[in-house]
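Structure first, commentary second.
The values are calculated or read from the model by the stated rules, or taken from the named source; none is laboratory data. Because the structure is a prediction, the values reported are computed rather than measured. Ligands, DNA and RNA are stripped out before the accessible areas are found, and what is left, the full protein with its side chains, is counted by its heavy atoms. Shrake-Rupley method; radii C 1.70, N 1.55, O 1.52, S 1.80 Å.
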Amino acid sequence: MHHLLTGTHPLLRTTRLLVGLAGYGIAIALFVRADLGLSPWDVLSQGFSVRTGIEFGLSVLILSFLIMLLWIPLRQKPGIGTLVNALTVGPVAGFALTLLPPIESFPVRIVLFVAAMVLLALSSALYIGAGLGPGPRDGLMTGVTARTGWKIWKVRGSIEVIVALGGWALGGGLGVGTVIFALGIGPMIQFALRLLRVRLAGTASVSAGERAGSPAGSEPSAEPGAHRNPGTEPIILPEPAV
């Protein structure tokens, strides 16, 4: 099982990418059907759409390209996973919505919302851990993390709060789900990355507990930015090119 999560064979990495992106799209559909508030990025897209008169879907696409401009000072580079992200998440979410009808029961909607957050966190860790290139929003998170060394939950949480407030200021609608998402998704993604044994370059070293089986005084042998091959070692994503 560890090898499936950390193996560097191209087929394994591609599988993690595709499974992660499929799960991400399904999570978006679950958020929509939970109907407890848009995610912060969708609030921003909605606000941008209100201010510019641009259709919501086109607004999402334009913002994705604008977000990627922020990658430049962070020295982030897109990969094949970035392109696949753009081409698959939306269609998967749309297909899932056709299979999942609107839900009226409030308790069921709460369950859907919680399931969506868990699935999105795990899916993000899967496709980020593939190391084939993050999506625009996750690339911003990984770029800031790599450059600052801050914890994932702090980076992602700060970004989500800023985005939600910015979208609200532009005219986007906030809901209780928006607030919960903004405050909760960062810690959940950080936990998912640890659970799936993914460590981003530039973050703190593997905890003592994770190295409990190593000989005393030994240090990880892989160069910074390299993928670790043994099945029980965490993946370290490549440093962005200088």
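For the stretch 93-132, the per residue solvent-accessible surface stands at 48 Å², with DNA, RNA and ligands left out and a 1.4 Å probe.
Ordering 162, 67, 110 by how much accessible area each has at a 1.4 Å probe, largest first, what is the list?
The most accessible residue leads, giving 162, 110, 67.
Near the amide H of residue 198, within less than 5 Å, lie the amide hydrogens of 235, all on another chain or at least 5 residues away, with H placed in the peptide plane.
The value of relative contact order for the stretch 1-141, using C-alpha pairs under 8 Å at least six residues apart, is 49 percent.
With a cut-off of 8 Å between alpha carbons and a minimum separation of six or more residues, what is the relative contact order of the stretch 63-166 in percent?
Numbers: 58 pairs, mean separation 45.5, N = 104.
Normalised by residue count, the contact order of the stretch 63-166 is 44 percent.
Using the Karplus relation 6.51 cos²θ - 1.76 cosθ + 1.60 with θ = phi - 60°, the per-residue 3J(HN,Hα) values for the stretch 18-29 come to 5, 5, x, 5, 5, x, 4, x, 5, 4, 4, 4 Hz, with x marking Gly and Pro.
Under a 5 Å amide H cut-off, with hydrogens placed 1.01 Å from N, residue 171 pairs with nothing among residues at least 5 apart or on other chains.
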